[in-house]
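Data first, discussion second: the structure below is written as structure tokens.
The values are calculated or read from the model by the stated rules, or taken from the named source; none is laboratory data. Because the structure is a prediction, the values reported are computed rather than measured. Because the Cβ atoms are built from the backbone with ideal geometry, glycine has one as well, and the counts that use them run over all protein chains shown. For the accessible areas, the whole protein counts, side chains as well, though only heavy atoms, and no ligand, DNA or RNA atoms are used. Shrake-Rupley method; radii C 1.70, N 1.55, O 1.52, S 1.80 Å.
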Amino acid sequence: MRNIVIFGGSSHTELAEQIASRLNVQLGRVKLSKFSNKETNVEIHESVREKDVYIIQSGCGHVNDNLMELLIMISACKIASAAKVTAVIPCFPYARQPDAPYKKNGELLPRIPKDAFIGYTYNTPDSTPANEVKNPFGEQSANGTSSSEISTRSAGGYKHWIARSGTLIANLITCAGADHIITMDLHDPQFQGFFDIPVDNLYGQPLMIKYIKENIPNYQNAVIVSPDAGGAKRATAIADKLHMDFALIHKERRSQIKPHKTDMMLVGEVRDKVCVLIDDIADTSDTITKAAKILSESGAKKICAIITHGIMSGDAIQRIVTSEIDQVIVSDSVPQVDHLAQCSKMGVFSIAPMFAEAIRRIHNGESVSALFSLMDLI
Amino acid sequence: MSSTSNSIKIFSGSSHVELAKLVAKRIGIDLSKVVVLKYSNQETSVTIGESVRDEDVFIIQSGCGEINDNLMELLIMINACKTASARRITAVIPCYPYARQDKKDKSRAPISAKLVANMLTVAGANHVITVDLHASQIQGFFNIPVDNLYCEPSMLKYIKTHISEWQNSIIVSPDAGGAKRAASIADRLNLEFALIHKERKKANEVSRMVLVGDVSGKTAILIDDMADTCGTLKMAATTLKERGASKVYAIVAHGILSGKAIDVINDSQLESLVVTNTIPHDDKKAICSKIDTIDISPTLAEAIRRTHNGESVSFLFSHAPE
């Protein structure tokens, strides 16, 4: 392959190496470090003048550090006269836009302990951003105002404004100088619209289908389950392709007394069947472990989850170990070596071939659509 | 400031809440409510706790500590205020991050300071207030107004009030790059000026320091814009002592004090190291008695007040507010 340079960011060097070796090129030499004052330092030791540059960086681990590193790398290549810079972001950071569940009067639903915000510091609650809202202005806010004062204001109709960083991240990547983005299984397909540059959103689906066909014995009798309504479309697509049955777990927020307590409802028949949970992100793995509980209570024989991005933050691994779930299969969009070592239920399928093929096709100006369905190509 | 309390909002990022509180107190308003937290997947989340619609918003965030986290936090806060219909958003960045990566000094070196400027603009900042930029040319990286305030007036005040023998002292610049900054202070105080020249045989390794000027029998006051690992300051102090300086003070705008800086200072011949509070350093002060602080919040508060009221900020370039 001529005129191509591939760089790997520090978030996931293994994946970058696998992609490069499939494309039969050497990874570009780059030195990534941090100065003692914690500023990111990027030194590119490879000429990129008039080259087609691909920078592989996943949104995992220290997300902000990795994002900044990616932005600096893009910018460095751009000002070093690269012909085109493509950001390859297998797991896109800040892809989930938190939805804020509000009471009808506009008041925020309290979800975190009230004493969590007395100090004005970072807080690391072990819950997922999606559909989770912290009550940021608990008993005492940063400025020591009392809660009664604030709740009066809330009653006045002001809804707390939660930042939705999607467009911002898109703009930052564009302003750093990226000409093209390759990513996989964006949480919201609308995210593509936040960019003014082309975004190729690859699908994990063909890889999941391949995995099911090869690894789940008698898969025609198994049931595909979506752990929430949002992922139903993704799951039904797989069920349709494999002519499998489909079930859905639905979260209900009906109780007026405890509005934050959700009831889970299973729609569909799973008794004595093998269940395959399909989702795009397992962060704290709260959703899939809860789903597994419902499924096992409803008589499922075996429960397996196939997930694109296994971020596994907080005590996710511990949850999986203790859960009724039998197997969790994730892609290597996020480094999985540590997770595999900690939990024997985990398994991995590789996305490197798909990204390598996408890079090859984009570099050669061929269509990428074929990757969306035909897995025989890779 | 009751007349304006309805149209000015000051938010603080998590990097330096102390400074933000001092600034807000001087202006006479409360900090606006905001909660910044990190999800377990390490993404930053910002919730703005009060309406900013058609308000004049100031967000105070310094480039220190976990720089990338703090920068992202600032960008998300700016963007959140922008999408919440703030009339104008001013990023108050006492210590500008990535200020030293400001030129393409090697092949393919990133100009990260320019990237940060673009990022701030893209996020939606309308105005930037900062203090003692490492290179004032960074102002040219922006397409929005940048007010680069100076610590100089506060430093002059400190020298006059805290160094009793200041009239018998000499101002020293620890490297050629900072000569202008130091010379300007010497002029204002009507003192003599000396310069230390670093000889580098290899890159990043200062082999010898050459002092230009006479310091014998005088109190030497080193002036610089940043104290990071403090290696230069320590060497400069040793050189000055060898050449007969009676005491050596160092007055520095941004006390980053990373790595082993504290050990280096404790170990050095410096009488004291004076830094401004553009970067929080209370924890470092506790383990190093040589560190003293200049409070910069009056200057920032006054700049915010003047910016808000549409008054000239030039006054602050030569005067430290009482």
task = Please work out whether the stretch A:204-350 counts as rounded, prolate or oblate from its C-alpha gyration tensor, where a ≥ b ≥ c are the square roots of the eigenvalues and a/c under 1.5 means rounded, while otherwise a/b larger than b/c means prolate and anything else oblate?
result = oblate
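Counting Lys +1, Arg +1, Asp -1, Glu -1, what net charge surrounds B:ALA301 among other residues with beta carbon under 10 Å of its beta carbon?
Neighbour charge sum, excluding B:ALA301 itself: +3.
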query = If we count every other residue with Cβ under 10 angstrom of A:GLY299's Cβ, Lys/Arg +1 and Asp/Glu -1, where does the sum land?
reply = 0
task = Over the stretch A:204-350, calculate the relative contact order: mean separation of alpha carbon pairs under 8 Å at least 6 apart, over the residue count, as a percent.
result = 18
Peptide-level mean, for A:166-172, of C-beta atoms on other protein chains within 10 Å = 6
request  = Using DSSP, restrict attention to beta bridges with both residues in the protein assembly as shown and report what percent are antiparallel, rounded to the nearest 5.
outcome  = 25
remark   = Highest mean packing first, using Cβ neighbours within 10 angstrom, the peptides B:111-122, A:234-245 sort as B:111-122, A:234-245
remark   = Taking B:MET209, A:MET265 and ranking on accessible area (1.4 Å, protein atoms only), highest first, one gets A:MET265, B:MET209
ask   = Averaged per residue, what accessible area in Å² does the protein assembly as shown show with a 1.4 Å probe, protein chains only?
value = 40
task = Compute, for B:ASP295, the solvent-accessible surface of its heavy atoms (probe 1.4 Å) with the complete set of protein chains present, and express it in square angstrom to the nearest 10.
result = 70
ask   = So who's got an amide H within less than 5 Å of the one on A:VAL348, skipping anything under 5 residues away but keeping other chains? H placed 1.01 Å off N, in plane.
value = A:VAL330
message = Interface size between chain B and chain A, please: total buried accessible area, 1.4 Å probe, rounded to the nearest 100 Å².
response = 5500
query = Can you list residues whose amide H is under 5 Å from B:ILE129's amide H, if they're 5+ apart or on another chain and H is modeled 1.01 Å from N?
reply = B:ALA91, B:VAL92, B:ILE93, B:ASP147
key: Per-residue mean of C-beta atoms belonging to partner chains within 10 Å, peptide A:280-289   = 1
ask   = Ordering A:ASP338, A:ASP196 from largest to smallest accessible area (1.4 angstrom probe), what's the sequence?
value = A:ASP196, A:ASP338
note = Taking Cα pairs closer than 8 Å and at least 6 residues apart, the relative contact order of the stretch B:6-148 in percent is 20
remark   = Descending accessible area (1.4 Å probe), largest on the left, turns B:GLU311, B:GLU152 into B:GLU311, B:GLU152
task = Please report, in debye to the nearest 20, how large the charge dipole of the stretch A:204-350 is about its Cα centre when each Lys and Arg carries +1 at its beta carbon and each Asp and Glu carries -1 there.
result = 300
query = What ³J(HN,Hα) values, in whole Hz, does the Karplus curve 6.51 cos²θ - 1.76 cosθ + 1.60 give for the stretch B:267-273 when θ = phi - 60°, with x put for Gly and Pro?
reply = 7, 8, 8, 5, 5, 7, 10
note = With all protein chains present, the stretch A:207-319 has a carbon and sulfur share of its accessible area (1.4 Å probe) in percent of 48
note = In units of 2.2 N^0.38 Å, the Cα radius of gyration of the protein assembly as shown is 1.07
inquiry  = Give me the inter-chain shielding for A:345-354: mean count of other chain Cβ atoms within 10 Å, whole number please.
reply    = 0
request  = Using only alpha carbon pairs under 8 Å that are at least six residues apart, calculate the relative contact order of chain B and give it in whole percent.
outcome  = 13
task = List the residues whose amide H sits under 5 Å from the amide H of A:TYR54, counting only those 5 or more places along or on another chain, with H placed 1.01 Å from N in the peptide plane.
result = A:VAL5, A:ILE6, A:PHE7, A:THR86
remark   = Here the percent of antiparallel bridges among DSSP beta bridges lying wholly in the stretch A:204-350, to the nearest 5, is 20
